Structure formats: C-alpha cells, structure tokens
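Data block below; observations after.
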Amino acid sequence: MEIATKYQAQEVEKKWYQYWLDNGFFKSIPDEREAYTIVIPPPNVTGVLHMGHMLNNTIQDILVRRARMIGKNACWVPGTDHASIATEAKVVAKLKAEGIDKNTLTREQFLEHAWEWKEKHGGIILEQLKKLGASCDWDRTKFTMDPEMTESVIKVFVDLYNKGLIYRGIRMINWDSQALTAVSDEEVIYKEVQSKLYYLRYKIVGEENYVTIATTRPETILGDTAICINPNDTRFTHLKNKKVIVPLVNREVPIIFDEYVDMEFGTGALKITPAHDINDYEIGIKHRLESINIFNDDGTLSEKAELFIGIDRFEVRKAIIPELEKSGNLVKIEDYVNKVGFSERTDSVIEPKLSMQWFLKMEDLAKPALEVVMSDSIQLVPAKFKNTYRHWMENVRDWNISRQLWWGQRIPAYYLPDGTFVVAENDEKAVELAKIASGNNLLTINDLVQDEDVLDTWFSSWLWPVSVFDGIRNPDNNEIKYYYPTNDLITAPEILFFWVARMIIAGQEYQGEKPFNNVYLTGIVRDKLGRKMSKSLGNSPDPLDLIAKYGADGVRVGMMLCSPAGNDLMFDEALTEQGRNFSNKIWNAFRLVKSWEVDLSIDQPEHSKKAIQWMTSKMDEVIAQLDDQFEKFRISDALMSVYKLFWDEFSSWYLEIIKPEYQKPIDAETIKATNLIFDKLLRILHPFMPFLTEELWQLLEERKDGESIMITSMPKIGEVDASILNSFEFAKQVITELRTIRKEKNISMREGLVLKVLNNPFEFPLQKEVISKISNLSGVEMVEQPVEGALSFMVSTNEFYVPMGDNLDVEAEIIKIDEEIKYLQGFLVSVEKKLSNDKFVNNAPAQVVEVERKKHQDAKEKIASLLKQKETLV
C-alpha cells in the first residue's frame, strides 16, 4: 500500500467531509435509540468565523461525534440569528454606500434590501463551520426569521400579552443614538473612561449666594428640574424651601432633599435631570418633578433644550464650557475616571431616555428558572457561575422587548383610530378583535395601524431549543417529544443571563420542562499576553488561515489543549502547531506500521506478547478515564489523556518494543494485534481529530463504500490488569536508567550490556523480555549480593548492576552515590517533620498519612542500599 510521505490535510478534509455529507451521516430522525441533542448557539447572520466560534463549535462537535459513537441518536441543530441591530446597521451602511438614505424608503422597500443582503451574505459562517468539521444536521438549519420561527415568536408574544405579562409604558430605557433603538440592560457594556468633573454654581433665588454642584455631563444642565441634597447634610440645612436658577436657561427649580444623595461625592449637592438619568428619573417620580427631554433620537439637542439646537451632545459638551465661563457659573474642572455605558452592538455611548416601549414582566417567570439551576436540575459547568446566575435572577428587571428598527419580528399590536390597540397573531384576527373592542363591525385592516417597532432579537432566540423542533406551534409533535429537553448547551458566560436564563424561562413556560441538562460555559479566547482578541487590536488570527496552515484537526487540538471550562483560553499559534505536529506523529506512526513486511512463518516473540498485553490494558485504563472526564466535562483533560496515550505510550514505548530488527519482518500475530490497537486508538481520537482518523481508518484495512469511522462504536472498557501496568512502569524506569548509563558512558546501542539484578524483584520477571529487547541486554543474571566493579542504580528500593570491568570510574561513582544519599537525607528530614506534627497526623486523611509513612520507609531503605553499594566501590 502506497501511503503519502506527508499528511495532506486540505485534500483529506475536503474528501471526507463531502463523503460524510453524501452518506447522510450527520442526519438524525427519531428512532428507538436514546437521543443526544445539541442546539447551536445561533451566530449572527452577519457574522464570520472568529476564534470564539472555533472553540465553541469544536467542543460541540467533539461531544456530538462521541455521542454517535457510544450508540446515541445524535442531533446537532445548526442555524443563524437575524441580529436586528447588527444586520440593520450593515444594510443601512450598504445603502448609504449606494447613495440611498434609509429614511427615503418605505418599510417594505427597506426589507426587500435587507432580505436581499441576507440571502447574499447570510449563512457564510455556517459554510465556514464545515471547514472545521462540524457534523451538524444541515437539513435542519434554521434562521430566526424563517416563517415558522416568526410565527412561533408572534404566538408567544400574543400568549404572554393575554396572560397579562406583556405591557406597554413609558420608562427610562437605554437608547443607542447610532442604531436609533432601545437596547436592553444586558446589551450595555460599561467601560472606565478618562472624563472631566465640572463644578458649576447655581444662583439661589433672591440671594447673592450660590449652590455648587459637580457633573460629568454639563450639557444636561439644560434639562435640570431640581437640585437635590441629603437631608442629613448639615452644610445645606439653610437651603430648605429655596430655589436656584439653572445657568444659561435661567429656569427656576426647587432645592429638594433625599437620602439618595451621596454626601461624599462632589460637593454634596446633585443636579437632577429626570429625562436623562435613571436615578434622577426615580427621584423625579418621587418628588413629582417636571421631566424635560433635551435630546433628539440621534443624540443632537432638541428644541426643548432652548440652546445648541440640532448640535450633537458631545459637541455641546465642549461648546457649553466657554458659555458657562462667560456667565460666571464655571467654578473649576478636574480630571475624573468614571464608568460609561456603551452599546454592545455599535459601541455608541448609551443615552438614558424616556420612551414608550413594550416590556415583559420577569419577576414571577424568573423564580422557577432560578430554582432549576440552584437545585442542579440544570448543571452549570463550572459551578462557580451559579452565584452569578442567582444574583441576576434575584435582581431581575422587566425586559424591554421592543426595538425601534424594521429588521425583525414586527410587534403584533394594532392601533384603532381612537388610539386604543389590540394584540393578535395576524391581520384577520386583529380586525376581529378590533370590531369587538370598538363595537364597530365596519372596521377593516385599513383602519388599523400596526406598531412600527420590532421585537428584541433575544425574544426569538430565547425560544430556540423549543422552536427549532416546532414546539411552540405544535407542542406535542413527535420531534419535540423525542429531542427535548436537549442534552448540553455550549456557550459563553457573558450571555448566561440574557440568553441562557431566558431559554430556561421559555422552556418551562412552553414545554413545562427545562430546555437542557447541562450548560458548559467556555472562557474568552485571549492572546498569549492575556488581551481579549479583537479586530481593533489586530491580535485575532483568521481561523480559516489557521486551518489552511495547520489543518482542521491541528487547530481543533490546539484550541482544546488550553481550554478548561469557564476559564479564559490563552491562545498561542504554537498550540495549533503542536496540534499539527500531533497529526504528523500519528501519520508517521501509521506509515511505520504499514512499512513492515509480515512473515506468516515466524513465531511471536515474548516481548511483543508482553507489549500487547500492556498496551491493551493501558488503553482500557485510559478509556475508563475518558468516560469519567467527559461525564465531568473535562474535555481538555480528555484530549490530553488520548494525546499522552498515543504519543508517550503507543509511539514511544509500544512501537519501539514490537519494532522488528532492521530489514527483518514482523510476525503475523503482532501485526494483527497492532492493527486492532491502532483501530481502537483512531476511534478514541476521532471526536477530537475527525479528518485524520477517517483517512487512516480507511487505509487500515479494505473498507466498503458507506463505511466510516464516525459510525463505528467507541471502544468499550475491558478489564484493567493492574499488575501488568505496574510491572511495565517498573520496566520503564529500569530501561530509562540503562539508557542513562549508555549516554553517560557513551556506549553504543549495538553493544550488549549485562544486567545483574539483586534479590529478583517480583516485577522484573514479568517484563524481563521487554527490558532485554529495548535495552539490548546480552545477559541477565540474578544475584544475592551487591556486585563489585559495576555501575549501579535503583528503581524503587530494588538494586541493579551493570558490570563495567576496567571502564568503571570508581571516584565518580562514589561522588554520585554521596550526592544521592545527601538528597535522600534532606528528603527524609522533611518527611519526618510532617510525621512528627500531631496536627497533621491526627487531621489529615488516613491515606495521606500512609503515603508519607511509605515515603519515609522507602527513603531509609534507599539510603541503606546506597551505603552498601558504596562499600563495594571503596
């Protein structure tokens, strides 16, 4: 069989991915098997693959491929999210580049452009995921604005409204002046910024005295309607029942008293602008203050500001200072560091704004969703995120679900001519309800006006685990009953509340059951300096470039080698290089095995028989480890277990033992066993490295069309023989010591060594042939006394001698023994200190104390043995 000298990753990946697709290996339909279901966290339809996607989807694919191989009906549902704000922003930018202003288009015209853009650019990321090897059931691909998905969203809105959980009202919301829409609290990112603290004085009405306040936003004084002071602040007791004049606009406003004010901040006096600060808004309601909205939706000043009309808020911040200086109201300016909210979507500074919006009441809905996580009915991995989750859910606020956009699911509220409204799933039902509400049977759809706003994107994706199986429209269909609840959700901690928690709420509300069993929370992918990867820093490699350079399997291994659950991943391209090197190691090991000539007439050597017994038992031990590691979601540890099994045990030890002498054949029994071992190793490796393992599995023996490693069974755990494993570890140490002697004494491997073994330790006969073969021993002799004129070494408390004749440097050997005795004496002292500590002996677990006692005994025996060896040299 001709096997390529080098592994050609790109060629192999293209060939086998198409083969998997052609044979329908990713498809899932309900049957008698246990279902294993994952729904992909739908990436934005505008998105392209980044390192976070690579990590998240690698983990999902590992879990899905493993589930298939352990006999489950694995279903991985892919899809994309319509991403209202991000997509609309991209379409607006595209239109602008073509000389078209969104404001000149009707809603229908704009949506035509948006759908055209989505069809052209949307879903690129799903095609990119195929390059990674993602084994999704692509026939199930969903988009959150597919007709049936939209119908589910609208149905839920109407249902929650009819239950009294959705309401409309004026509230202080987070306004994105760039996207021209409200955003939820969870979509606001707070950053520390270098600001200025402006001290301004307000003249007291009827006096020549002033009250000085401190603010970071001098432009908002134009909307001030009060000055507020803490009633416990004795500095200002003389100001009760007085008023001040707002600078520049000369508006008289009251001085009010409220314990909300921090007496330590600034001057202790606080300006109150109810229309542009959430806390001021609450104080305004409490004290019945006027609310003056001085900003337009785009962040420019409105006519109500009286000054700087039509100028951007940040330009006004600069321009107002000279005016305040002229009027004598500016006292001083200080540097100040504060936290400012930015839109997650556009990075625009958020403007608190009073607005008529739609809200979902969350308090009662959140309680059962908190309970299932705190009781571990849904397990968060790692569990440290339970406290974060609890804090969010216990402090939940009503969800602002409306967005002032056109791209998305339009709110199904229809306004009658008198300003009242009805909520309905479609136009026909709206007309029916409107006729009943108004008593006017002549009403038509032309008399109704549908709400202009769309729903928050999360209001569609919170239904994802249910809606992808049509569980909203048809709650008892076969698919939802078979695949729901899903098994594992792989996502990022930053969306634990506004996606994960909301999915739990929706699942319980519409299926009466949690949507998933486990939530595996990945960390943030950072560079090796610890910085978050981003385009602006230029520290985020293109994942497709990495795949082209190192192969998909190399990148998958590289990502997983450094990604413990919930902890940030410090990505270094050297890791993907390590992944590629591992691919090459496996490839070269396969080529080596396939290069051996097989002779059916020769007997199997004893060392090969022992090596096969050991490797089989070692694999069984690792398979048991893997089961435990996957159960605990220690996926990086699982990969490292397989990595070490192949590299350290199979390649470095097993192949070295069974390898025939140069240009000599191998026996049939050994090659047959080795092929079986290789087959098992490939199947264990497959979830991590799907492409390479498929290629080698197909080359291992002749396969039929339609066969694939991905639909074979994962190796089952056999009986682990501890005595074989222990004796082999003993043999490894003996071989390592003999290799050290050869290296230090410059003895060629061609030259045989004689090994004399004191008192025949029980482990030695079990692996005598292996030690002899690997170490090229010309003779092995059991002795009952230390051997004079020989190099010596110890394994555990057992002594070994290699006669050197006249080549022994006695002085050097004595120095070496003395150094080892000195080290062991120091070690003995440290152990004795522990064992003489009553607190340690009485409180430490019994097995820990026993380990220390064993160390103490072993050290004493080694010292005694070394002293005997020294006597033979003196």
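The values are calculated or read from the model by the stated rules, or taken from the named source; none is laboratory data. Worth saying up front: this structure is predicted, and the values here are computed from it rather than measured. All Cβ positions, glycine included, derive from the backbone under ideal geometry; neighbour counts span all protein chains shown. With ligands, DNA and RNA removed, areas are computed over all heavy atoms of the protein, side chains included. Shrake-Rupley method; radii C 1.70, N 1.55, O 1.52, S 1.80 Å.
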- Task: From 852, 820, grab the single residue that is farther than 21 Å from residue 727 by Cα, touching a helix residue (DSSP H, G or I) at 6+ places or on another chain (Cβ under 9 Å) and open to solvent by 30 Å² or more (accessible area, probe 1.4 Å).
- Result: 820
- Query: From 371, 344, 351, which residue is out of contact with any strand residue (DSSP E or B) (no Cβ under 7 Å at 6 or more places or on another chain) and either surrounded by fewer than 17 Cβ atoms within 10 Å (Cβ to Cβ) or on the phi < 0 side of the Ramachandran plot (or both)?
  - Reply: 371
- Would you pick out the residues in the stretch 86-125 that are open to solvent by 20 Å² or more (accessible area, probe 1.4 Å), within 20 Å of residue 182 (Cβ to Cβ) and in contact with a helix residue (DSSP H, G or I) (Cβ under 8 Å, 6 or more places away or on another chain)? 90, 92, 102
- Query: Of 628, 648, 599, which residue is touching a Lys or Arg at 6+ places or on another chain (Cβ under 9 Å) and within 20 Å of residue 561 (Cα to Cα)?
  - Reply: 628
- Note on the structure: Requiring at least 3 residues that are closer than 24 Å to residue 634 by Cα and of a type in the set (A, V, I, L, M, F, W, C), the helices (runs of 4 or more DSSP H) wholly within the stretch 429-544 are none
- Query: Restricting to the stretch 712-760, what's the tally of residues that are without any contact (Cβ under 8 Å) to a residue 24 or more places away in the chain and closer than 30 Å to residue 694 by Cβ?
  - Reply: 0
- Message: For residue 759, only one of the following conditions fails: (1) within 30 Å of residue 656 (Cβ to Cβ); (2) open to solvent by 40 Å² or more (accessible area, probe 1.4 Å); (3) under 46 Å from the mean Cα position of the chain (by Cα). What is its number?
- Response: (3)
- Query: Got a number for residues in the stretch 259-282 being β-branched (Val, Ile, Thr), surrounded by fewer than 20 Cβ atoms within 10 Å (Cβ to Cβ) and over 30 Å from residue 405 (Cβ atoms)?
  - Reply: 1
- Task: Please identify the pairs in which a residue from the stretch 850-874 that is under 23 Å from residue 809 (Cβ atoms) has its Cβ atom under 6 Å from the Cβ atom of a residue that is open to solvent by 90 Å² or more (accessible area, probe 1.4 Å) and at pLDDT 75 or above, counting only partners at least 6 apart or on another chain.
- Result: 872/788
- Task: Could you tell me which residue of the stretch 490-536 is least open to solvent (accessible area, probe 1.4 Å), considering only residues that are of a type in the set (Gly, Ala, Ser) and without any contact (Cβ under 8 Å) to a residue 12 or more places away in the chain?
- Result: 534
- Which of the residues that make up the stretch 7-53 are at pLDDT below 95, hydroxyl-bearing (Ser, Thr, Tyr) and assigned to a helix (DSSP H, G or I)? none
- Can you pull out the residues in the stretch 391-407 that are of a type in the set (D, E, K, R) and open to solvent by less than 90 Å² (accessible area, probe 1.4 Å)? 398, 403
- Query: For residue 379, all conditions in the list (1) closer than 30 Å to residue 443 by Cβ; (2) touching a strand residue (DSSP E or B) at 6+ places or on another chain (Cβ under 8 Å); (3) surrounded by fewer than 21 Cβ atoms within 10 Å (Cβ to Cβ); (4) of a type in the set (S, T, N, Q) hold save one; what is the number of the exception?
  - Reply: (1)
- Look at residue 653 and say whether it is without any contact (Cβ under 8 Å) to a residue 60 or more places away in the chain and either closer than 15 Å to residue 616 by Cβ or crowded, with 20+ Cβ neighbours inside 10 Å (or both). no
- What number goes with the only condition from (1) assigned to a helix (DSSP H, G or I); (2) at pLDDT 90 or above; (3) within 27 Å of residue 470 (Cα to Cα) that residue 76 does not pass? (1)
- Item | Unmet requirement for residue 32, which otherwise passes all of (1) more than 28 Å from residue 187 (Cβ to Cβ); (2) in contact with a helix residue (DSSP H, G or I) (Cβ under 9 Å, 6 or more places away or on another chain) | (2)
- Message: Of everything in the stretch 284-310, what is surrounded by 22 or more Cβ atoms within 10 Å (Cβ to Cβ), in a helix (DSSP H, G or I) and within 43 Å of the chain's Cα centre (by Cα)? Give them in sequence order.
- Response: 284
- Taking the stretch 226-258 only, how many residues are open to solvent by less than 10 Å² (accessible area, probe 1.4 Å), outside any strand (DSSP E or B) and touching a Ser or Thr at 6+ places or on another chain (Cβ under 8 Å)? 1
- Do you know which of the residues in the stretch 802-817 that are assigned to a helix (DSSP H, G or I) and surrounded by 14 or more Cβ atoms within 10 Å (Cβ to Cβ) is modelled with the lowest pLDDT? 813
- Query: Can you list the helices (runs of 4 or more DSSP H) found entirely within the stretch 681-785 that contain at least 1 residues being touching an Asp or Glu at 6+ places or on another chain (Cβ under 8 Å)?
  - Reply: 690-700, 722-745, 768-775
